[in-house]
Amino acid sequence: MASELPESARVVIVGGGVIGCSVAYHLTKLGWSDIVLLERKQLTSGTTWHAAGLVGQLRQSINMTQLARYTAELYRGLEAETGQATGYRQCGSLSLATTPGRMEELERNASMAKVFGLTVKVVAPDEIRSLYPLANLEDVIGGIHIPSDGYANAVDVTQALAKGARSRGARIFQDLKVTAIHHDGRRVSGVQTDRGRIDADYVVLCGGMWTRDLAAGIGVTVPLHACEHYYVLFQDVPGLKADMPVLRDYDHCSYFKYDAGKLLVGAFEPHARPWGAEGIPEDFSFGEIAGDFSHFEPVLLDAMRRIPALEKAGIQKFFCGPESFTPDVRYHLGESAELEHCFVAAGLNSIGLQSAGGIGKVVAEWIRDGHPPVDLWEVDVRRNMPFQINRRYLRARVSESLGLLYATHWPFRQYETARGARKSALHDRLGLAGACFGEAYGWERANWYAPAGVPPRYEYSYGRQNWFEHSANEHRAVRTSVGLFDQSSFAKFRLEGADAARVLNRVCANEVAVAPGKLVYSQWLNDRGGIEADVTVTRLSETAYLIVTGAETEAKDFNWLRRHIDSGARCVLTNVTSGMGVLSVMGPRARELLQTLTPNDLSDAAFPFATSRVIELGFALVRASRITYVGELGWELYVPTEFMQGVYDELVSAGGRYGLVHAGYHALNSLRIEKAYRHWGHDITDEDTPLEAGLSFAVKWDKPGGFIGREALLEQKQSGCLKRLVQFKLKSPEPLLYHNEPIWQGGSIVGHIRSGMYAHTLGAAVGLGYVTAPNGAVVEAVGPDDYEIEVAGTRHPATASLRPMYDPKNERIKC
Ligand SMILES: Cc1cc2nc3c(=O)[nH]c(=O)nc-3n(C[C@H](O)[C@H](O)[C@H](O)COP(=O)(O)OP(=O)(O)OC[C@H]3O[C@@H](n4cnc5c(N)ncnc54)[C@H](O)[C@@H]3O)c2cc1C
């Protein structure tokens, strides 16, 4: 280990677990040698030393699976490269299903794995028996087998990564705690340790369960909390063999792994026990927690039913150790929204060993290039809301997070804990109207409305869930009369000042130097032409704009714009999300209804599409914006929060005559997908350009001053797009699309579905997905009948279109 502390380093990594060592390893692989890693105690002494060692590859999404898959590949060759044993063994894995829902989940995942060529075999009980004779399969209906999965020794892997990093110049210091992080309010500049300061261009926080508090000290939001995590080692298990695959019994919350002549049985129980709420003891190192055997016992009893040989075996060790879990069971990665060059890789939710390789690689590339190498939004640290580091919220939520690793990943599944954090001013009224609320980034949002006598509760399945028809009725009402959506969770910012137009016009690909009262739909692009944000911009006055974006990107988009305000610019950016609610009145009768409530003229001539103005409504002055995300005539009403209830009451009491219905987010999603409106984070991300996404109509190529990403986009315009976003409608009305389903053209997979939903007007499931052409050629045309979409192993013919299948000429909007 290194001894003399340097005064500076290009990168300082905080934390010597498997994640920190992997980041150091991969940075040095890229040729960055001026790397310092600081560990408060000994390498692996936090959580890493007690990882059970599973290295699985199949995750719930394509990009996460690719990261895990790279990790397995890395571990396969790490010993040969570094000379340090890793204990990696490719024994394969078996996952069991005891219910039809679980079986469909596994089959859908096996289909998804085909997109990138990971071999996942769907297996029947007979095959499972031959692969794992120790298992009692009386309740098992099938499963999947992944031959290339395996396990490794987490301590040895970490040491191998550290050795590899050191051999290329990284310096590792142990028994050296980082006590503070230095910055100038905009960018990090170094760290303070108990033996002095180190200046640094970049700081990477890989401090495991310590990261939340370390980051909070510099205003960076990293919500995570430790939970107790259990396993038991059985010795003398009759029939146990070293080459047995890892066995996962999801439905009984357990996994089984051969471990040096013993059988390790681990648990992902539904209600976990948060740990360390009062702080982690200063001397915690290679620490164990006493745990509670009775908490673990129900899982253990089920495990003994699954592997009857355990009844004759002896317990050698009952183990409980802490691991950090996050509110959405996804880890935190990347450059923080709040501070430049402050990177985070933490909150690993018990998959740190199997993710470390991929994480180290993408974080290193992100640091080198200044942007993520692939779309990583689902784990991007910028998705977090500041309130999420509230410890009471975290304690409540992580007790659920741990079990979700093994729970069935039902479509539309809602969290059951830490609910009610953020509520619209109408929350209670919507509840009385039958709302079944879902949660998004703390917001309670009406997903669908239960008619009188129907409980507003989800009954989950992969098929049509209990709300399907109720939501269909909401959808139809929006198409035929008028619907009311509460979209208060929209994030809203004001940019004001003499330079607001100049600053915003450089960030927006569309022209926003428009007359006051105009509303513009625009993307914000990065230098590569990729879409960083999808917003509407309203010019309020010569010097003021209102910017509206999705709830999930509130922190990311606010900070993206903040960072692009040059130091001399005379403008101020303010987040006004909490100050305004949003009521969307959408449908062919929206004008008739609203006109009864306001003296302002709402006719098309007086109030055309894509304009916005303040109108009188009830006792309030509200900003009405003529825009739509559902493909119908309508207005979004931006209402000061304290006027929301009054405005809502007016709308509802007048609405009966016009067939007004309350409509929820499931209907919204169904309506927008049949109109092929894109959703940022799914259909458009930082690796998709407006040309590929079919959004070139929102690009103003020749506006004065240009815009960020213009040059990259111009290049693509000349060379052509290698992928195109296509709308697909299944020819059969039966199957349902969610996301990640492979798109077939002839005998090849040419893409996958980014988002899918049932489209009630079109009468079938619709999905949006990018297609590529064979041999990496430019995609010129899309044959309407050339494609099939695979759902749970079966290919279904689909109609394809580059133009929206619903109202392609926008006749219903501009009327
Ligand atoms: C019982 C159990 C079983 C598991 N099984 C598996 C498995 O089979 N497969 C799998 O993939 N994952 C598994 N995991 C999860 C895995 O162990 C973790 O996800 C992973 O080890 C996390 O690594 P890390 O580097 O983020 O955190 P850690 O290993 O905790 O490393 C963080 C390091 O940062 C140091 N640090 C913190 N603050 C400072 C500071 N201020 N200054 C300097 N240093 C600091 C700490 O001392 C610590 O060493 C398991 C976890 C548990 C508890």
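The values are calculated or read from the model by the stated rules, or taken from the named source; none is laboratory data. Model, not experiment: these values are computed from the prediction. A quick note on method: Cβ atoms are made from the backbone with ideal geometry, for glycine too, and the neighbour counts reach across all protein chains shown. Side chains included, ligands, DNA and RNA excluded: accessible areas come from the protein's heavy atoms. Shrake-Rupley method; radii C 1.70, N 1.55, O 1.52, S 1.80 Å.
With charges only on Cβ, +1 for K and R and -1 for D and E, what is the dipole size of the chain about its Cα centre, in debye, rounded to 20?
920
For a distance above 14 Å, tell me the whole-number percent of Cα pairs in the stretch 643-701 that qualify.
71
Starting from the Cα-Cα distance between Thr179 and Trp701, subtract it from 0.36 nm times their residue separation and give me the gain in nm to one decimal.
Values: separation 522, 0.36 × 522 = 187.92 nm, distance 4.89 nm.
Fully extending the segment from Thr179 to Trp701 adds 183.0 nm.
To the nearest µm²/s, what D does Stokes-Einstein give for the stretch 483-561 at 25 °C and 0.890 mPa s, using the Kirkwood radius over alpha carbon pairs as Rh?
191
Cut-off 15 Å, label point 7 angstrom out along Cα-to-Cβ of His271: give me the residues of the stretch 383-416 whose amide nitrogen falls inside.
Taking a point 7 Å out along Cα→Cβ of His271, the residues of the stretch 383-416 whose backbone N falls under 15 Å are 396-404, 416.
Rounded if a/c is under 1.5, else prolate if a/b is larger than b/c, else oblate: which is the stretch 774-815, with a ≥ b ≥ c the root eigenvalues of its Cα gyration tensor? Walk me through the numbers before you get to the answer.
On the way: a/c = 3.66, a/b = 1.57, b/c = 2.33.
The shape class here is oblate.
Would you please give the residues with an amide H less than 5 Å from that of Arg197, counting only those at least 5 places away or on a separate chain, with H modeled from the backbone geometry?
none
Near the amide H of Asp259, under 5 Å away, which other amide H atoms are found, from residues 5 or more places off or on another chain, if H is placed in the peptide plane?
Leu264
Along the stretch 169-177, what does the Karplus equation 6.51 cos²θ - 1.76 cosθ + 1.60 (θ = phi - 60°) give for ³J(HN,Hα), rounded to whole Hz, x for Gly and Pro?
With coefficients 6.51, -1.76 and 1.60, one gets x, 5, 10, 10, 10, 10, 6, 9, 8 Hz.
May I ask for the percentage of alpha-carbon pairs in the stretch 542-697 that lie more than 25 Å from each other? Write out the running numbers ahead of the final one.
Numbers: 4801 of 12090 pairs.
Counting pairs separated by more than 25 Å, the tail of P(r) holds 40 percent.
Where the convex hull is taken over the Cα atoms of the stretch 237-390, what is its projected area averaged over directions, in nm²?
Hull-based average projected area comes out at 12.0 nm².
Using a 1.4 angstrom probe on the protein heavy atoms only, line up Arg678, Arg397, Arg392, Arg591 by accessible area, largest first.
Largest accessible area first, the residues go Arg392, Arg591, Arg678, Arg397.
Using the Kyte-Doolittle scale, which helices in the chain average at least -1.0 and also have C-alpha atoms spread 24 Å or more along the helix axis, with helices defined as whole DSSP H runs?
On the way: long enough: 62-82 (29 Å, -0.40); 352-369 (25 Å, 0.14).
Flagged H segments are 62-82, 352-369.
Using a ≥ b ≥ c from the Cα gyration tensor of the chain (square roots of the eigenvalues), is it rounded, prolate or oblate, where a/c under 1.5 gives rounded and otherwise the larger of a/b and b/c decides, a/b for prolate?
Note, shape of the chain comes out prolate.
Please list 3J(HN,Hα) in residue order for the stretch 225-238, calculated via the Karplus relation 6.51 cos²θ - 1.76 cosθ + 1.60 where θ = phi - 60°; whole Hz, with x for glycine and proline.
Karplus-based 3J(HN,Hα) across the stretch 225-238 equals 8, 6, 10, 5, 9, 10, 8, 10, 9, 9, 10, 6, 8, x Hz.
Keeping all protein chains in position, work out how much accessible area Phe268 exposes to a 1.4 Å probe, and write it in Å² to the nearest 10.
10
Near the amide H of Leu176, under 5 Å away, which other amide H atoms are found, from residues 5 or more places off or on another chain, if H is placed in the peptide plane?
It is Glu39, Arg40, Lys41, by chain and number.
Viscosity 1.567 mPa s, temperature 4 °C: give me the Stokes-Einstein translational D for the stretch 372-427 in µm²/s, with Rh taken as the Kirkwood radius over C-alpha pairs.
For these conditions, the coefficient is 95 µm²/s.
Can you work out the Karplus-derived ³J(HN,Hα) for every residue in the stretch 743-752? Use 6.51 cos²θ - 1.76 cosθ + 1.60 with θ = phi - 60°, whole Hz, and x for glycine or proline.
9, 9, 10, x, x, 10, 7, 10, x, 8
Work out, in µm²/s and without decimals, the Stokes-Einstein translational diffusion coefficient of the stretch 105-216 at 37 °C, 0.692 mPa s, Rh from Kirkwood over C-alpha pairs.
Stokes-Einstein gives a translational diffusion coefficient of 171 µm²/s.
Under the classification rounded if a/c is under 1.5, otherwise prolate if a/b is larger than b/c and oblate if not, where does the stretch 163-229 fall, given a ≥ b ≥ c as square roots of the Cα gyration tensor eigenvalues?
On the way: a/c = 1.82, a/b = 1.14, b/c = 1.60.
Taking the square roots of the gyration eigenvalues as a ≥ b ≥ c, the stretch 163-229 is oblate.
State the antiparallel share, in %, of DSSP beta bridges confined to the chain, rounding to the nearest 5.
Restricted to the chain, the bridges split so that about 85 percent are antiparallel.
For the stretch 55-210, with all protein chains present and a 1.4 Å probe, just round the carbon and sulfur fraction of the accessible area to a whole percent.
Carbon and sulfur together cover 46 percent of it.
Taking just the alpha carbons, could you work out the radius of gyration and Dmax for the stretch 492-617, both in angstroms?
15.7, 48
Nearest 500 deg cm²/dmol is fine: what mean residue ellipticity at 222 nm does the chain get from its DSSP H runs of n ≥ 4 alone, each adding -39,500 (n - 2.57), divided by its residue count?
Result for the chain: -7500 deg cm²/dmol, rounded to the nearest 500.
Kindly give Rg over Rh for the stretch 662-768, based on alpha-carbon atoms, with the Kirkwood expression for the hydrodynamic radius.
1.04
In the structure shown, do any of Lys121/Lys257; Lys492/Lys729; Lys177/Lys361; Lys361/Lys717; Lys114/Lys556; Lys29/Lys257 have a Cα-Cα gap over 27 Å, and if so which?
Lys492/Lys729; Lys361/Lys717; Lys114/Lys556; Lys29/Lys257
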